[in-house]
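What follows is a short report on a single structure.
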Amino acid sequence: IKDNKMWLGYAKQLSGFRLADGTLVLSKNPEGSVPRACKWYTNLDVAYRHDRMILTENYSPEKYPKYYNYNGVDVEKTKKIPSDFDGIMGVPVTFLTKYNPQQFKIVGKGVQVEKTVRFKGDKATLWIEKDGKPFRAPFERILIKNREVIKNEK
């Protein structure tokens, strides 16, 4: 995905599979409902991959905490990506459903990039900073850069 050799396809919300003999296998939980957690990847062009996100948020250090162990900021939700920030942002993995390679560059995954501060033990992820110390780790993040930064003139 990072190298734009594959991306999410249209059938993102699959609820089951059909076997070669024609048998339909649904993935049901104990309550009987069908979870919709499958993602399909493709290298075929899909139209929504070229849709641009409309970015309505502006960057401020109060709204976007920086990471303690990486040079970037945390964005809590995909819809809150700031239009005017030109640095690296950690976004939820759900960002991939909105990813447009002309609008954003994927830098890497939060657990895989080189950190500025190393922790002992199993703390390879990003940590949000609070008062100059590691505060908490967000859920897994995709690290991105906005290719179309809009600087606000004040």
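None of the figures in this text is laboratory data; all of them are computed from the coordinates on show. A quick note: this is a predicted structure, and the numbers were derived from the prediction, not measured. Note that we place each Cβ from the backbone using ideal geometry, even for glycine, and neighbour counts take in every protein chain shown.
Of A47, Y67, G87, which is farthest towards the positive pole of segment 42-115's charge dipole, taken about the Cα centre with +1 and -1 on the beta-carbons of Lys, Arg and Asp, Glu respectively?
Comparing the listed Cα positions along the dipole, A47 ranks first.
Length gain on complete extension for the stretch N4 to T97, per 0.36 nm per residue less the alpha carbon to alpha carbon distance?
32.1 nm
At 7 Å along the Cα-to-beta-carbon direction for both V149 and E57, put a label point, then send me their distance in nm to one decimal.
Result: 1.7 nm between the two label points.
Rounded, prolate or oblate: which fits segment 57-135 when a ≥ b ≥ c are the square roots of the eigenvalues of the alpha-carbon gyration tensor, with rounded for a/c under 1.5 and prolate only if a/b beats b/c?
Since a/c reaches 1.5 but b/c is at least a/b, the shape of segment 57-135 is classed as oblate.
Working out 0.36 nm times the residue gap between Q112 and K79, then minus their Cα-Cα distance, what length gain in nm do you get to one decimal?
Additional length available on full extension: 9.5 nm.
If the limit is 25 Å between Cα atoms, which of K2/K66; K98/K133; K39/K98; K39/K133 go over it?
Listed pairs above 25 Å: K98/K133; K39/K133.
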